[in-house]
Structure formats: structure tokens, C-alpha cells
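K.L.:
Please see the structure below; I have some questions.
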Amino acid sequence: FYMVLFFLAIIGSYIFARATARHVFTQEKNHNERYFRDTLENMNMAVVSLNLDGRIKFCNNHFLKQTQWTKQLLLYKSWVEKIVPPAEQKDFANAICSLKNGCEFPPVYEGHINTGDNHVRLYSWNNTLNLDINGLPSSVTLVGEDITERRSIEEQYRKLYRAVEQSQSSVIITNCNGIIEYVNPKFVKVTGYSRDEVIGKNPRLLKSGE
């Protein structure tokens, strides 16, 4: 009888210890999840989390403020159908399909999104694949920024560069100290100097008498 009580006490202690450990683990897990969510919520970057079906599990306040959407209109909706413009939907849908089949998801992605006020913006995303306890993909987190204006400025610079390169006038660009940083093809053709010969020099070289 005492042996039975002894074994029951050991088993009870073991069960209690396991239950306590599970309770502590659950509390820590919930705390870490809340901390992680609070961190994402307060980031000064757009953050979106998608499940394996491409539905929106989470989007932070920064993303909502930038895009003029509300959580009520986005949560549990399809990212492709709700956010991605028609011309880019197929590519993103294929990426989601690959993720669902256990394949890699692009770590970097650049694409347009529809905003809540009917505009289209360009975003650059860095993507992190989230795994479950079995090491299988469970969701993907996108952290990105609006690069619409940056790309527009870069395109303007490219157009200006092409215009200067193709200009029929000789063009020289110097820094504040008068040192040549750029010459266009017309300058090379007219003067006979190669770019390597003049870059880093002063325009006074043109008064060489030759």
C-alpha cells in the first residue's frame, strides 16, 4: 500500500512538473509573441505577414498610415487580390504557390501596390520565411519601404544622363575646385582628348595651344 502511494506521489510530482513546465513555456511563448508583435507594430518600416494562402495575417500601423488602408479592410484578405495591381498578380501568386509547396520565397522583392485611396506606389520588400516547430514554412513576413519617389528621381537622372551623352554640344562637369569629373562623347570627339586624359584635370589643359 505504501509502495503504491509512493509511486503515485512520484507520478503526481512528474505530472505536476510537466504541467508547470508547459505553463511556463506557454507564458514565455505568449510574452515573446507579444514583444515581437509590439516591435513590428512600432517599426518605422512597413511590415506585413502573409500565411501560406497569401492572406494577410498582420500589417503594422506604419504600413496602414502610408497606404491609407485600415486593418478591417485588409486582415485575412488575399494580398494578391487586394493589394497587387493586375499586371503583377501572376508573378506574386506564383511565389505564394511555391511557398505553399515548400519552395523558397524570394528574399528580396520589388513591386507595386494599390493603396486605399486608389493610388499605386512602388515598394521594396525584404522577406523572411517563418517556420513552424517542425521546420516547415508557416508564413512569410515582408518588411519594406516606399521607394516611389526615389525610383522617379533615378529615372529622371537616367534621362538627363542619356540626353547629355547624346548632346551635340560639348559638356564638361567639374567639382567645386574646378577639377573635371565628367565629359560627354561630343567633347571627346571635338577635342581629341579621351575621358581618361581629362578626368581629374583642370579645364586649363584646353589652353595648351594644341
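The values are calculated or read from the model by the stated rules, or taken from the named source; none is laboratory data. Computed from a predicted model, the values in this text were never measured in an experiment. Positions of Cβ are generated from backbone atoms using ideal geometry, with glycine treated the same way; all protein chains shown enter the neighbour counts. Heads up: the accessible areas ignore ligands, DNA and RNA and are worked out on the full protein's heavy atoms, side chains in. Shrake-Rupley method; radii C 1.70, N 1.55, O 1.52, S 1.80 Å.
K.L.:
For the charge dipole of the stretch 48-143, defined by +1 on Lys and Arg C-beta atoms and -1 on Asp and Glu C-beta atoms about the Cα centroid, which residue among ASN134, LEU75, ILE96 has the Cα displaced farthest towards the positive pole?
P.N.:
LEU75
K.L.:
Using a 7 Å offset from the Cα along the Cα-to-Cβ direction at both GLN166 and ASN44, what is the distance between the two label points in nm, to one decimal?
P.N.:
4.1 nm
K.L.:
While we're looking at this one, here's another question. Got a sec? Which residues in the stretch 127-143 would a label at LEU52 touch, if it sits 7 Å along Cα→Cβ and we count backbone N under 14 Å?
P.N.:
Backbone N within reach: 130-140.
K.L.:
Summing Lys, Arg as +1 and Asp, Glu as -1, what charge do residues with Cβ under 15 Å from the Cβ of GLU110 carry, GLU110 excluded?
P.N.:
-4
K.L.:
A further question follows. State, in angstrom, two size descriptors of the stretch 100-184 derived from its alpha carbons: Rg to one decimal place and Dmax to the nearest whole number.
P.N.:
According to the Cα coordinates of the stretch 100-184, Rg and Dmax are 21.6, 66 Å.
K.L.:
Treat every Asp and Glu Cβ in the stretch 107-210 as -1 and every Lys and Arg Cβ as +1, leave all other atoms uncharged, and give the resulting dipole magnitude about the Cα centre to the nearest 20 debye.
P.N.:
700 debye
K.L.:
Then there is this: So, with a 1.4 angstrom probe, what is the percent of accessible area on the stretch 35-178 that is carbon and sulfur?
P.N.:
Exposed carbon and sulfur together represent 53 percent of the surface.
K.L.:
What is the Cα centroid distance between the stretch 52-95 and the stretch 96-133, reported in whole angstrom?
P.N.:
Distance between centres, Cα-based: 9 Å.
K.L.:
On to the next question. Between their Cα atoms, which of LYS186/LYS207; LYS57/LYS82; LYS65/LYS159; LYS159/LYS186 are more than 21 Å away from each other?
P.N.:
Pairs exceeding the cut-off: LYS65/LYS159.
K.L.:
Over the stretch 73-141, give the accessible area per residue in Å² for a 1.4 Å probe, as an integer.
P.N.:
Here the residues of the stretch 73-141 average 58 Å² of exposed surface.
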